[in-house]
Amino acid sequence: MGTIYSLSDFIDLLRRRAWLISMVIMLGCLASVYVALNTAHRYSAAEVIQIEQPKVDDDLAPSTVAGSSARRLQLIEQQLMARGSLEEIIEKYDLYSDNADLLLWEKVNLLRFAVSITGVAAAREGFSDDGTISILTISAEMATPELAQAVTHELADRTRALSRDRRKNQARETLEFFQQQEDNLIRDIAELEEELTAFRNENDLSIEGSLEFRRDEIASLNAALLSIDREVIGVELALSRIDRSARAPTVRREQADLETELTSLQTQRRLLDERRSELAASLKNTPEVERALANYDRRLTQLQSQLGAVSSRRNEAEVGFSLESASGGERLITLEEAQVPDFPVTTSRKRLAAMGGVASVALALVLAFLLDLRRPIIRTAAQMERETGLQPIAAVPQAPGTNAKRDKAVARKRRRLAGKRGRAARLARKAQTSKA
């Protein structure tokens, strides 16, 4: 500890450096009081928001708003802390108007640093973390208590509004998406049915199963033609077996009847054969028609299946939108409203001045010790015995009223005289040595 080994040494240090210590303490106390008086207080207000779960269980009425509450609140916080939102708050409450030198972006940064949004995770169910937030705390530090309460309440209102609007917009956009998909599928099905109807009319397939009907008709025509051929053969045989020995009028009459019947049968056969040819010609494109019909049926089945799935999703989206519109989904409710703070969060002026005074005393003692350590001088008999191990015979105290500056000057003169005498003695010894 240098020259301080006891309480008496410390008291002697205070006595010798009393002027320095008193000046440093006085200047430090004045500076502390000045800083304390010019330090502005900061007040903090907080509002606690609780995230309430949906009124209806998701198994009964699932919500179309996906994602965890932590992710949604993070997106809301980003929107809330955006430059445009903070500028609106600054303009509404005329924040930082006492400092006209601040630019707008500097005010935005000050407000961004003054606002704090923290969330508390909900209790886990099992070992999985679903990212659910149970409590959200919004706080703001301002120059006045009223301003801190107003800004905090404004931020909380904006958070609740953003959460409500975001959920409702997401539910409405989901519903509109599935409605649009359903309308598109209905339109595609109608167009495909019109195209199928035109294809059936073009290929004479207006009756369901007409291809099988044509095949059956051709088979019937073949049977009818076979029957007519048999009848023709019978008529021709009857015609060839007419008794020519009978009376001439009778023969002519029988021959005319048989020829008339044969002509009728041939006419019927020709008509049936033409019909069979037409049907056979129409059946030449049967494979292509069947493939086209199968393609139409497959596309129609796919579109109807998609329409059923989309309709089911659209019904769920309608339920979710109704739930969000009726505020039956996840909600942010105020658990503790922001109040006007009673005390500042910054250090009080008295405490700040006291801390400055203590720091001034410590600085004064350190300076005094450093100055004393810079020129260590043995001042007492105890120091003499401690430093050299020699016990002085007598200790002559400094006479009262002695001028310290004069004593120092006398000591310097004595040291100079002693130095001159020493140099003269050395010169004399050198001269004697040279003569010898």
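Given the structure, is I90 modelled with pLDDT of 85 or more, in contact with a strand residue (DSSP E or B) (Cβ under 7 Å, 6 or more places away or on another chain) and under 18 Å from H153 (Cα atoms)? The answer is no for I90. Checking the stretch 128-145 against the condition returns no match, with no residue being part of a helix (DSSP H, G or I) and loosely packed, with under 13 Cβ neighbours inside 10 Å. Among residues of the stretch 317-337 being acidic (D, E) and at pLDDT 80 or above, the one that is nearest to T132 (Cα to Cα) is E336.
Within the stretch 177-199, residues that are under 9 Å from L307 (Cα atoms) reach partners that are part of a helix (DSSP H, G or I) and of a type in the set (S, T, Y) with beta carbons closer than 9 Å, at six or more positions or on different chains, in the pairs E182/S311; L185/S311. The combined condition, being under 30 Å from S322 (Cβ atoms) and modelled with pLDDT of 75 or more, is not fulfilled by I117. Apart from one condition, A362 fits all of (1) modelled with pLDDT under 65; (2) surrounded by 10 or more Cβ atoms within 10 Å (Cβ to Cβ); the exception is (1). Among the residues of the stretch 120-138, those that are among the aliphatic types (A, V, I, L, M) and modelled with pLDDT under 85 comprise V120, A121, A122, A123, I133, I135. Somewhere in the stretch 381-390, is a residue surrounded by 10 or more Cβ atoms within 10 Å (Cβ to Cβ) and either at pLDDT 70 or above or not in a helix (DSSP H, G or I) (or both)? Looking through the stretch 381-390, none of the residues is surrounded by 10 or more Cβ atoms within 10 Å (Cβ to Cβ) and either at pLDDT 70 or above or not in a helix (DSSP H, G or I) (or both).
Restricting L103, L147 to those that are within 23 Å of D342 (Cβ to Cβ) and at pLDDT 85 or above reduces the list to L147.
The set of residues in the stretch 93-108 that are among the aliphatic types (A, V, I, L, M), surrounded by 10 or more Cβ atoms within 10 Å (Cβ to Cβ) and more than 20 Å from E154 (Cα to Cα) contains only L102.
Could you please let me know if V340 is at pLDDT below 80, touching a strand residue (DSSP E or B) at 6+ places or on another chain (Cβ under 9 Å) and of a type in the set (A, V, I, L, M)? So V340 does not fit the description; no.
The values are calculated or read from the model by the stated rules, or taken from the named source; none is laboratory data. None of the values given here were measured: they were computed from a predicted structure. Every residue, glycine as well, gets a Cβ built from its backbone with ideal geometry; the counts of neighbours run over all protein chains shown.
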